[in-house]
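Below: one structure, written as structure tokens.
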Amino acid sequence: MIAVEKALEQYGAPIYVRHEIVHNKYVVQTLEKKGAIFVDVTAEVPEGSIVMFSAHGVAPTVHEEAAERKLATIDATCPLVTKVHKEAVRFAKEDYDILLIGHEGHEEVIGTSGEAPDHITLVDGPEDVANVTVRDESKVVWLSQTTLSVDETMETVDALKQKFPNLLSPPSDDICYATQNRQIAVKKLAEDAQLVIVVGSKNSSNSIRMVEVALDAGAPAAHLVDFADEIDEAWLDGVTTVGLTSGASVPDVLVDGVLEWLAERGYADVETVKTADESITFSLPKELRRDLRAEAARLSGK
């Protein structure tokens, strides 16, 4: 969100964004009001314009398409996703079969697969393992979409290892640290809460996973909402303790709105469950330091 806002401030509207910058309805609507235009394909961006690639990353072919259309690009890919891309390229160069654990059709999966399409096979959960074949069982490695449930990922990894005993693990953890921390916290919430509310959008993989994690951890009920007014008061029947958490890309204002809604209905006492300190920060895309307007004009010959 910050990257798009800074781009709008520096270069003015419109700034085109390929796919949602993050999967959150409020963030997308807020940015649209400020002048961001979200598109599904690069061909929708007028030649010579500025386009930003979302946090989920894109395949190399998308960069090529942007160059052909003389677009000035801002790459806002999450550094954790970039790390997975680099791992895919490296293992492909070493001629490994790469088993990418993730959900079919997700932007991040599409982008990562595009880095090494001849070497990557998608594995969409443990039930998909039986269908997986590789060229050489001694040269096979797994990578994962960064927004999955840690438990779900490891269940798939365990199934893959049973089928491919020599399966190599990536050199570092691919699951987003913010996603992991929230999953750990929601498990803690689920121990005491009769109801868990997750603030996040229905197309947010990590938010959906948190609802599943809460239910798996023993919460009697868990629901996903974008805004406080989506909460059904019937959910509160017989509930003395409500657990509240949010997806990794959800602004604090939305969580505060749910807290206010709950306080108005008698849930005013708030206890913070803290399971991790997050001190990692990411810098803005390097392209924001350049005069992209001048670059777009140069490329278009204007």
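The values are calculated or read from the model by the stated rules, or taken from the named source; none is laboratory data. In this text the structure is predicted, and so the values were computed from the model without any measurement. Heads up, the Cβs are rebuilt from the backbone with ideal geometry, glycines too, and the neighbour counts pull from every protein chain shown. Surface areas here come from the heavy atoms of the whole protein model, side chains and all, with no ligands, DNA or RNA. Shrake-Rupley method; radii C 1.70, N 1.55, O 1.52, S 1.80 Å.
The figures follow:
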| read-out | value |
| --- | --- |
| Cβ-derived FRET efficiency at R0 41 Å, Lys286 paired with Asp95, nearest 0.05 | 0.85 |
| Net charge contributed by nearby residues that have their C-beta within less than 12 Å of Asp151 (K/R +1, D/E -1) | -3 |
| Net charge of neighbours whose Cβ lies under 12 Å from the Cβ of Glu87, counting Lys and Arg as +1 and Asp and Glu as -1 | 0 |
| CD proxy at 222 nm, helix term only [per DSSP H run n ≥ 4: -39500 (n - 2.57); per residue of the chain; nearest 500] | -11500 deg cm²/dmol |
| Estimated inter-spin distance, Asp158 and Thr82, nm [label 7 Å along Cα→Cβ] | 3.5 |
| Spatially proximal lysines relative to Lys274 (Cα-Cα < 19 Å; intrachain offsets below 8 disregarded) | Lys187, Lys188 |
| Charge context of Leu122, other residues only, Cβ under 10 angstrom, K/R +1, D/E -1 | -3 |
| Restricting region 1-35 to trypsin sites (Lys or Arg not before Pro) in coil, as DSSP defines it, with at most 14 other Cβ within 10 Å | none |
| Cα-Cα over 20 Å, subset of Lys86/Lys139; Lys83/Lys202; Lys83/Lys286 | Lys83/Lys202 |
| Cα shape, region 1-58, gyration tensor, a/c 1.5 rule | oblate |
| Normalised contact order of the chain, rounded percent, pairs of Cα under 8 Å and 6 or more residues apart | 17 |
| Region 126-234: chymotrypsin sites (Phe, Trp or Tyr not before Pro) falling in loop per DSSP and having at most 11 other Cβ within 10 Å | none |
| Apportionment of accessible area to carbon and sulfur, region 80-163, percent (1.4 Å) | 50 |
| Linear extension gain, Asn131 paired with Ser169, 0.36 nm per residue minus alpha-carbon span | 11.7 nm |
| Per-residue ³J(HN,Hα) for region 192-202, Karplus 6.51 cos²θ - 1.76 cosθ + 1.60, θ = phi - 60°, Hz, x for Gly and Pro | 10, 8, 7, 9, 10, 10, 10, 8, x, 8, 6 |
| Semi-axis lengths, Å, the chain, gyration tensor of Cα atoms, sqrt of 5 times eigenvalues | 34, 30, 14 |
| Shape box of region 1-146 [Cα atoms, principal axes, largest first, Å] | 53, 31, 22 |
| Under 5 Å, built H, 5+ apart or other chain: amide partners of Leu143 | Leu99, Leu100, Ile101 |
| Using θ = phi - 60° and Karplus 6.51 cos²θ - 1.76 cosθ + 1.60, couplings along region 206-217 (whole Hz; Gly, Pro as x) | 5, 5, 4, 4, 5, 4, 5, 5, 4, 5, 5, 7 |
| Over region 177-264: Rg over Rh, Cα atoms, Kirkwood Rh | 0.93 |
| Theoretical gain in end-to-end length, Lys188 to Asp118 [0.36 nm per residue, Cα-Cα removed] | 21.1 nm |
| Solvent-accessible area per residue for region 56-121 (1.4 angstrom probe, square angstrom) | 42 |
| For region 80-163, average projected area of the Cα convex hull in nm² | 5.0 |
| Area projected by the alpha carbon convex hull of region 45-85, averaged over all directions, nm² | 2.6 |
| FRET E, pair Asp216, Asp40, Förster distance 45 Å, beta-carbon r, rounded to 0.05 | 0.85 |
